[in-house]
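In what follows, a structure is listed as structure tokens, so that the remarks can point back to it.
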């Protein structure tokens, strides 16, 4: 189905300017068209950007769509942005991996796996909005339960958690790398 160039351009501009991935439903409400029509427009835009040479493309990420740099051009963008990138420590990445694979999980469960206190790391991960409180566990003290956020998905370039490497394969690879 062909859509008016104005509607397609409106969708394209929303996707271009948005700092966060936009869902089909969000776009549908903003442009006042049916979600199925938004899906079709997104497919058309993706096809257009595949045909021509552009430095970016439209991808699905964290439950929505956003323009992103093509891998081929990432080194150039990295040169511009590298001083601004915030990196995570090895300990923070390790803690984040535990949360991603074991969620929902409590601080004490994480500490039992890591063997060290993680209070400060959890605070940092919450401040960076990579994890959040998802509830409280029943029992003594009602400990906080943590899970990952949409920003976690964006940080690692994932559409959804199911895209994480399978846990047992990850363990095997880590063991091979240490040999």
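The values are calculated or read from the model by the stated rules, or taken from the named source; none is laboratory data. Computed from a predicted structure; not experimentally measured. Don't worry about glycine lacking a Cβ; one is built from the backbone with ideal geometry, like all the others, and counts go over all protein chains shown.
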Among residues of the stretch 135-166 being assigned to a strand (DSSP E or B) and surrounded by 15 or more Cβ atoms within 10 Å (Cβ to Cβ), the residue farthest from the chain's Cα centre (by Cα) is 144
Scanning the stretch 11-26 residue by residue, those part of a helix (DSSP H, G or I) and either in contact with a strand residue (DSSP E or B) (Cβ under 8 Å, 6 or more places away or on another chain) or surrounded by fewer than 17 Cβ atoms within 10 Å (Cβ to Cβ) (or both) turn out to be 13, 14, 15, 16, 17, 24, 25, 26
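Does residue 62 count as on the phi > 0 side of the Ramachandran plot and surrounded by 15 or more Cβ atoms within 10 Å (Cβ to Cβ)? Explain how you work it out, then say what you get.
Numbers: on the phi > 0 side of the Ramachandran plot: yes; surrounded by 15 or more Cβ atoms within 10 Å (Cβ to Cβ): yes.
Considered against the rule, which asks whether it is on the phi > 0 side of the Ramachandran plot and surrounded by 15 or more Cβ atoms within 10 Å (Cβ to Cβ), residue 62 comes out as yes.
This table checks each residue for (1) modelled with pLDDT of 95 or more; (2) on the phi < 0 side of the Ramachandran plot.
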| residue | (1), (2) |
| --- | --- |
| 91 | no, yes |
| 122 | yes, yes |
| 127 | no, yes |
| 144 | yes, yes |
| 147 | yes, yes |
| 151 | no, yes |
| 157 | no, no |
| 160 | no, yes |
| 163 | no, yes |
Note: among 78, 44, 39, 74, just one is under 28 Å from residue 162 (Cβ atoms) and either in a loop (DSSP other than H, G, I, E, B) or in contact (Cβ under 8 Å) with a residue 40 or more places away in the chain (or both), namely 44
